[in-house]
Amino acid sequence: MEEIKRVGRTLVHRGHIFDYYEDTMETPDGKRHIWDTIVHNGAAAVVAVRNDGKILLVRQYRNPVERETLEIPAGKRDSDRESTRDCIVRELEEETGFQAGHLEFLIRIADAIAYSTEILDVFVATELIPTAAHPDEDEFIDVEAYSVDELKEMIFNGTIQDGKTVAGVLAYCTKFEK
């Protein structure tokens, strides 16, 4: 495959969650094209498994889809220096009010590879220890628990459409459910 190279980059908008750039790309035929790129610090998500085997999900409003969604707990890294492990430890407690007695890496996802640099690490948390939730001031979250069978049904009937949740739950089922 011939090389495609970036020959220019213009910051269009610096945002709270990501920065948006227009990249000038040169293709092998010598033509130049503008490609949109979202630059993101990365994120982490967690399949949080209670002692009874049920998995915690958060129900929250998502503006881009204009509705509430069910998702595994997740959040963005506060900086490019914060590890995804530290990020998800923080986010798990903020969103659900639990700490993990045991935390294990599960999978890495490039969730919007066509236009975003976001890489998301998914962990499995077990031996959950109750603390107190303290979501961000603009987060209104309900924590719910579901069996693996209920989650698989909701994935395949379209109730759960969030990519990190689908990937995280199905990876968990593949690795841990016999």
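The values are calculated or read from the model by the stated rules, or taken from the named source; none is laboratory data. None of these values were measured; they are calculated from a predicted model. Neighbour counts are summed over all protein chains in view; Cβ atoms, including those assigned to glycine, are modelled from backbone coordinates with ideal geometry.
Consider ILE155 carefully, then state whether it is under 18 Å from the mean Cα position of the chain (by Cα), under 21 Å from PHE18 (Cα atoms), part of a helix (DSSP H, G or I) and not charged (D, E, K, R).
Numbers: under 18 Å from the mean Cα position of the chain (by Cα): yes; under 21 Å from PHE18 (Cα atoms): no; part of a helix (DSSP H, G or I): yes; not charged (D, E, K, R): yes.
Answer is no for this residue.
So in the stretch 144-178, with the set limited to residues that are β-branched (Val, Ile, Thr) and in contact with a Leu (Cβ under 6 Å, 6 or more places away or on another chain), which one is surrounded by the fewest Cβ atoms within 10 Å (Cβ to Cβ)? Explain how you work it out, then say what you get.
Narrowing the stretch 144-178 to residues β-branched (Val, Ile, Thr): 148, 155, 159-160, 165-166, 169, 174.
Cutting the leftovers down to in contact with a Leu (Cβ under 6 Å, 6 or more places away or on another chain) gives us 160, 169.
Values: ILE160: 21, VAL169: 23.
Step by step, filter the stretch 144-178, then rank; the result is ILE160.
Report every pair of residues separated by at least 6 positions or lying on different chains whose Cβ atoms are under 6 Å apart, first residue within the stretch 82-106 and in the same structural domain as LEU57 (by TED's automatic domain parsing), second of a type in the set (Lys, Arg) and at pLDDT below 95.
If the second residue must be of a type in the set (Lys, Arg) and at pLDDT below 95, the pairs left are CYS87/ARG77.
Give the residues of the stretch 7-47 that are among the acidic types (Asp, Glu) and touching a strand residue (DSSP E or B) at 6+ places or on another chain (Cβ under 7 Å), sorted by residue number.
Pass one, the stretch 7-47, residues among the acidic types (Asp, Glu): 19, 22-23, 26, 29, 36.
Across the stretch 7-47, the qualifying residues are ASP19, GLU22, ASP23, GLU26, ASP36.
Taking the stretch 38-53, which residues are closer than 20 Å to THR174 by Cβ and either of a type in the set (S, T, N, Q) or in a strand (DSSP E or B) (or both)?
Passing the criteria: ALA44, ALA45, VAL46, VAL47, ALA48, VAL49.
Within the stretch 54-66, can one find any residue that is part of a strand (DSSP E or B), outside the structural domain of LYS152 (by TED's automatic domain parsing), surrounded by fewer than 18 Cβ atoms within 10 Å (Cβ to Cβ) and without any contact (Cβ under 8 Å) to a residue 12 or more places away in the chain?
First pass over the stretch 54-66, keeping only residues part of a strand (DSSP E or B): 55-62.
Keeping just the survivors that are outside the structural domain of LYS152 (by TED's automatic domain parsing) gives none.
No, every residue in the stretch 54-66 fails to be part of a strand (DSSP E or B), outside the structural domain of LYS152 (by TED's automatic domain parsing), surrounded by fewer than 18 Cβ atoms within 10 Å (Cβ to Cβ) and without any contact (Cβ under 8 Å) to a residue 12 or more places away in the chain.
Right, LEU92: crowded, with 18+ Cβ neighbours inside 10 Å, closer than 15 Å to LEU120 by Cα, of a type outside the set (Gly, Ala, Ser) and at pLDDT 95 or above or not?
Working: crowded, with 18+ Cβ neighbours inside 10 Å: yes; closer than 15 Å to LEU120 by Cα: yes; of a type outside the set (Gly, Ala, Ser): yes; at pLDDT 95 or above: yes.
Criteria met by LEU92.
Can you report the number of residues in the stretch 67-100 which are outside any strand (DSSP E or B), within 21 Å of ALA132 (Cβ to Cβ) and among the polar types (S, T, N, Q)?
As a first pass, look at the stretch 67-100 and keep what is outside any strand (DSSP E or B): 72-73, 77-97.
Imposing the further condition that a residue be within 21 Å of ALA132 (Cβ to Cβ) reduces the set to 72-73, 78, 86-97.
Now drop any that are not among the polar types (S, T, N, Q), which leaves 96.
Residues meeting the conditions: 1.
Could you tell me how many of the residues in the stretch 128-142 are assigned to a strand (DSSP E or B) and of a type in the set (S, T, N, Q)?
Of the residues in that region, 0 qualify.
Looking at the stretch 24-45, can you tell me whether even one residue there is over 14 Å from the mean Cα position of the chain (by Cα), assigned by TED's automatic domain parsing to the domain that holds GLY158 and under 30 Å from ILE129 (Cα atoms)?
no
Part of a helix (DSSP H, G or I), over 25 Å from LYS152 (Cβ atoms), among the basic types (Lys, Arg) and at pLDDT 95 or above: does that describe ARG9? Steps first, answer last, please.
Values: part of a helix (DSSP H, G or I): no; over 25 Å from LYS152 (Cβ atoms): yes; among the basic types (Lys, Arg): yes; at pLDDT 95 or above: yes.
So ARG9 does not fit the description; no.
When the residues of the stretch 125-143 are narrowed to those that are touching a strand residue (DSSP E or B) at 6+ places or on another chain (Cβ under 9 Å) and among the small types (Gly, Ala, Ser), which ends up surrounded by the most Cβ atoms within 10 Å (Cβ to Cβ)?
ALA125
Could you grab me the full set of residues in the stretch 20-37 that are assigned to a strand (DSSP E or B) and either farther than 21 Å from LYS76 by Cα or at pLDDT below 95 (or both)? Before you say what the answer is, go through the steps one by one.
Initial filter on the stretch 20-37 (assigned to a strand (DSSP E or B)): 20-26, 32-37.
GLU22, ASP23, THR24, MET25, GLU26, ARG32, HIS33, ILE34, TRP35, listed by residue number.
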